[in-house]
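What follows is a single structure, written as structure tokens, with notes after it.
Derivation of every value follows stated rules applied to the coordinates shown; laboratory data play no part. Since the model is a prediction, treat every value here as computed from it, not as a measurement.
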Amino acid sequence: MLARPPPGFRTIDERGVEILWLMQIPLYGQQDAGAIWNRTYNEYVTDGKGPLAFERCSNDPCVYGKRSRSSSRTKTCTRTTS
């Protein structure tokens, strides 16, 4: 996991390249916090009861779409990363 330095730390190196920190351990929560968040998000957006009611893409589990009732085109799409 990469993170940008907090305020007060250098953000650009001497070559003008942005500095990113490689996190050795999760910053927040458990080691599997990302998977837990993704599972929770998936349950929320694919619930079918609320206004979201997205369908999870079978080719990429981080992509969600919604088809309009009048056509086969995707009406809305959201992408998550875990």
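Extension gain for GLU14-TRP37 works out to 4.6 nm (0.36 nm per residue, less the C-alpha to C-alpha distance). Averaging over all projection directions, the Cα-based convex hull of segment 1-70 occupies 8.5 nm² in the image plane.
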